[in-house]
1. Of the numbered conditions (1) outside the structural domain of residue 226 (by TED's automatic domain parsing); (2) assigned to a loop (DSSP other than H, G, I, E, B), residue 70 fails exactly one; give the number of that condition.
2. Take the residues in the range 204-263 that are in a loop (DSSP other than H, G, I, E, B), polar (S, T, N, Q) and surrounded by fewer than 22 Cβ atoms within 10 Å (Cβ to Cβ); name whichever of them is modelled with the lowest pLDDT.
3. So, in the range 18-34, how many residues would count as being farther than 15 Å from residue 64 by Cβ and surrounded by 11 or more Cβ atoms within 10 Å (Cβ to Cβ)?
4. Applying the selection to the range 132-152, what residues are over 19 Å from residue 188 (Cα atoms) and either under 19 Å from the mean Cα position of the chain (by Cα) or assigned to a loop (DSSP other than H, G, I, E, B) (or both)?
5. When you check residue 116 against the structure, is it among the hydrophobic types (A, V, I, L, M, F, W, C), over 28 Å from residue 8 (Cα atoms), touching a helix residue (DSSP H, G or I) at 6+ places or on another chain (Cβ under 9 Å) and in a helix (DSSP H, G or I), yes or no?
6. Is it the case that residue 89 is outside the structural domain of residue 282 (by TED's automatic domain parsing) and either assigned to a strand (DSSP E or B) or at pLDDT below 95 (or both)?
7. May I ask you to say which residue of 47, 56, 69 is at pLDDT 95 or above and over 19 Å from residue 149 (Cβ atoms)?
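The values are calculated or read from the model by the stated rules, or taken from the named source; none is laboratory data. These figures come from a predicted structure and were not determined experimentally. Reconstructed Cβ throughout: ideal geometry from the backbone, glycine too, with neighbour counts over all protein chains shown.
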Amino acid sequence: MISNEDIIRLQLVNGLGRKTISKILKFMEAKKANLKNFSDVEKFIKDMGIKKVKIDLEKIESEAAAILDCCRKSNIKIISIYDGEYPRKLHQIEDKPLILYADGNLDLLNNECNIAIVGTRTPSQEGYEISSIFAEKLTEGRCCIVSGFASGCDESAHNGCLAAKGQTIAVIPSGHLYSMKNNKSLYNMIILNGGAIISELPPNAKSEKNAFVNRNQIIAALSEGIIVIEGGLKGGTSNTVKFANAYNKPVAYTANVTSCIGQTSIFNNNIEVIDSFDKLKNFKNKSCKIMLDKACSQ
């Protein structure tokens, strides 16, 4: 079995993306390859005949060592698809993250009542307040709030959960240390209150080209239901909704969003509108029941 460290080294190879690495790993499993070090991995890749791959062993080893050292010093855990701690909800999706970097309470990733609250970075005052209030109410109903750690609706959702002394999951589009620089106070509060912060990228990494889309995919996969506070037809909010639809996760809008012309066109199913605490409770109960029904059927 390939080690987590060697998967990280594979990710550092110029010309290898997530899908190609996934194919390599599946081929290794099929061949029951006995790989003792990364030199064995390199030979295996060459034997597969994968083109346009440049492997600079010295550079890869230096970068990998820096990542591993940073994770050790920062107490950031490295979880691969082969680890028992890898979230079962992510195992169920295609094109899953191969490596997760995690800080905090990893048990939350398998929680059976995670509700995502997402929306624009520049919400109206009403939207900002709704995000916080909904998060607080859901937390009082024993939900874990999932969001993306961005300013605006995400930040408000995390803070609403924390105000109710709850646990929240932040899925970040950059490395932990890089995100901490942008909002150290919120980062520390999430961890101190028993929450979790996860990323596909190593601690010091800035956001990459596809990082925000990948972040939104994880948010949708980890959550039983998704609530859109405010957001447009383009950008992160719409991507999260599209992933939720693909994963058959319930999605709801707030009343002030559905009044916007064209906002509802990204839905492939019936639109649920939350305009009261009773409807919020019903949405939570329905979303979490679907998760429990799936768990029982398995």
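1. (2)
2. As a first pass, look at the range 204-263 and keep what is in a loop (DSSP other than H, G, I, E, B): 204-210, 223-224, 229-235, 247-250, 259-262.
This time we only want the ones that are polar (S, T, N, Q), so: 204, 207, 210, 223, 248, 259.
Right, trim to surrounded by fewer than 22 Cβ atoms within 10 Å (Cβ to Cβ) and you get 204, 207, 210, 248, 259.
Working: 204: 94, 207: 90, 210: 87, 248: 92, 259: 53.
Only one residue fits best here, namely 259.
3. Taking the range 18-34 and keeping what is farther than 15 Å from residue 64 by Cβ, we get 18-20, 22-34.
Adding the requirement that they be surrounded by 11 or more Cβ atoms within 10 Å (Cβ to Cβ) leaves 18, 20, 22-25, 27-29, 31, 33.
The number of residues fulfilling the criteria is 11.
4. 141, 142, 143 - these are the residues of the range 132-152 that are over 19 Å from residue 188 (Cα atoms) and either under 19 Å from the mean Cα position of the chain (by Cα) or assigned to a loop (DSSP other than H, G, I, E, B) (or both).
5. It is false that residue 116 is among the hydrophobic types (A, V, I, L, M, F, W, C), over 28 Å from residue 8 (Cα atoms), touching a helix residue (DSSP H, G or I) at 6+ places or on another chain (Cβ under 9 Å) and in a helix (DSSP H, G or I).
6. no
7. 69
Residue-wise test of (1) in contact with a Cys (Cβ under 9 Å, 6 or more places away or on another chain); (2) basic (Lys, Arg); (3) over 17 Å from residue 228 (Cβ atoms).
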| residue | (1), (2), (3) |
| --- | --- |
| 140 | no, no, yes |
| 146 | no, no, no |
| 151 | no, no, no |
| 158 | no, no, no |
| 175 | yes, no, yes |
